[in-house]
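Reviewing the structure listed below.
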Amino acid sequence: MQPSTILDREEYIEQAYFFRLFRERLGENLPAQEILTMADQELLSSTRLPMAVQFLASEMKHSGLLGSGFDRLSHYFHRFQAFLMNESEDEDRKFTTNVALLVLEREAYYRGNQPTPAGLFVFQFETITRNRLNYFRGIDAMLEDPIYDSDWRGFLANVRKQVGTTDFCELIYRRSQWIVLEQKRLHPNYEPNVPILFAEKEGKIAKASRGRDPLFLFAALQRQLGYPEVPKPKKKDEAATQLEMLQHKVREMDARLKLVEAETRGGPIDLQQFMDKPLPTDDE
C-alpha cells in the first residue's frame, strides 16, 4: 500500500464537510450506500475526494463495510482515519459509526487549519483513550501519519511501550520546553538528551496536571491552547436500550414465524404484512 501524504488544505476542508454530511444523513435514516452514491455530486470537483467517495460507494456495495475502503485508499486517507472507521465496524466495541464520523470531521477540520504534530497527537490519543479503542493498533496507525517526523515517530514508539505504566502527563512534560527551562535555572549548561516536541505552555500544563485523570489534561489543553475537542460519548439508558433490542428481536421472531406458517399452508405469501407498520396516532 502507498503511504498517505499531507494533502492540500482544500482536501481537508472537503473531508470535514463530507464526514458531517454523511453523519447527518445517517441520522435521517438514509441508507449509507445511497448517501455515498449521491455525495460525490456535492463535493468540490477540483479535489480528489469525489473520486474517493465513489470508490467507497463501490467498496461498500461489494463488502458492506467502509473500513476496507479506507484501507485501500491509504494513499489518500490517513491510516488513523482508516483505523477509526474499522474500529466503528467492530461489533465488540461501543464506538459507533456516528461517533467515528464526528471524530473524523473534527480531525479533518483541524488538519485544514494550521495543525501541529503536538495538537494532533493529543487529539488522536484522547480519541483512543476516551472511546476505549485498541491502543496498539491506534498508535501503529499514528506512526504512519505523515505529519509526524522521525523524532515524533521515535516518541510514539516509546509511548506504545509505556502505555499503562507511565503517567500521560509525564510523557508530555519530559519532552517539553518547560522542563528544559526548569533545568537550566539549576544547571545553566543543561542540554536535553532527547528531542523536545512540546512547547513551554504544554509542558507547564502537563506538570500541573500530574497525578490527575488524563482527561483533565486534555480539557486543559483544549481550553488554554485551542486544541481540538474530542467528542464525548453520550451515556445511554441501559434499561431502555435492552428493552428496545428485546422488542426488535420479538418482532423479528414473530415475522419469521408468520412466514413459516404461510409456507406450510402453501398459499401465497404477502410480504407486505412483514413490513414495519406505523405506530397508531392518538385519533385511532
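With a requirement of 2 or more residues that are charged (D, E, K, R), the helices (runs of 4 or more DSSP H) lying completely within the stretch 1-116 that satisfy it span 9-27, 49-63, 67-72, 79-88, 97-111.
Just checking, does the stretch 135-149 include any residue being over 14 Å from Phe80 (Cα atoms) and assigned to a helix (DSSP H, G or I)? Within the stretch 135-149, not a single residue is over 14 Å from Phe80 (Cα atoms) and assigned to a helix (DSSP H, G or I).
Here the condition is being farther than 23 Å from Ile147 by Cβ and open to solvent by less than 50 Å² (accessible area, probe 1.4 Å); of Asp71, Asp40, it holds for Asp40 alone. Considering the stretch 162-256, the qualifying helices (runs of 4 or more DSSP H), each wholly inside and each with 1 or more residues that are surrounded by 14 or more Cβ atoms within 10 Å (Cβ to Cβ) and modelled with pLDDT under 95, run over 168-173, 214-225.
From Lys184, Lys204, Lys161, which residue is basic (Lys, Arg) and either touching a strand residue (DSSP E or B) at 6+ places or on another chain (Cβ under 7 Å) or closer than 22 Å to Asp145 by Cβ (or both)?
Lys161
Within the stretch 175-189, residues that are aliphatic (A, V, I, L, M) sit with their Cβ atoms under 8 Å from residues that are in a helix (DSSP H, G or I), at 6+ positions apart or across chains, in these pairs: Ile179/Tyr173; Ile179/Gly203; Ile179/Lys207; Leu181/Glu200. Within the stretch 119-145, residues that are in contact (Cβ under 8 Å) with a residue 12 or more places away in the chain sit with their Cβ atoms under 9 Å from residues that are in a helix (DSSP H, G or I) and small (Gly, Ala, Ser), at 6+ positions apart or across chains, in these pairs: Gln124/Gly138; Gln124/Ala141; Phe125/Gly138; Thr127/Gly138; Asn131/Ala100; Ile139/Ala157; Ala141/Ala82; Leu143/Ala157.
Taking the conditions (1) over 28 Å from Gly27 (Cα atoms); (2) open to solvent by 10 Å² or more (accessible area, probe 1.4 Å); (3) not acidic (Asp, Glu) in turn, Thr96 satisfies each one other than (1).
The values are calculated or read from the model by the stated rules, or taken from the named source; none is laboratory data. The model shown is predicted, which means the values in this text are computed figures rather than measured ones. No Cβ is skipped: glycine too gets one built from the backbone with ideal geometry, and neighbour counts run over all protein chains shown. Ligands, DNA and RNA are stripped out before the accessible areas are found, and what is left, the full protein with its side chains, is counted by its heavy atoms. Shrake-Rupley method; radii C 1.70, N 1.55, O 1.52, S 1.80 Å.
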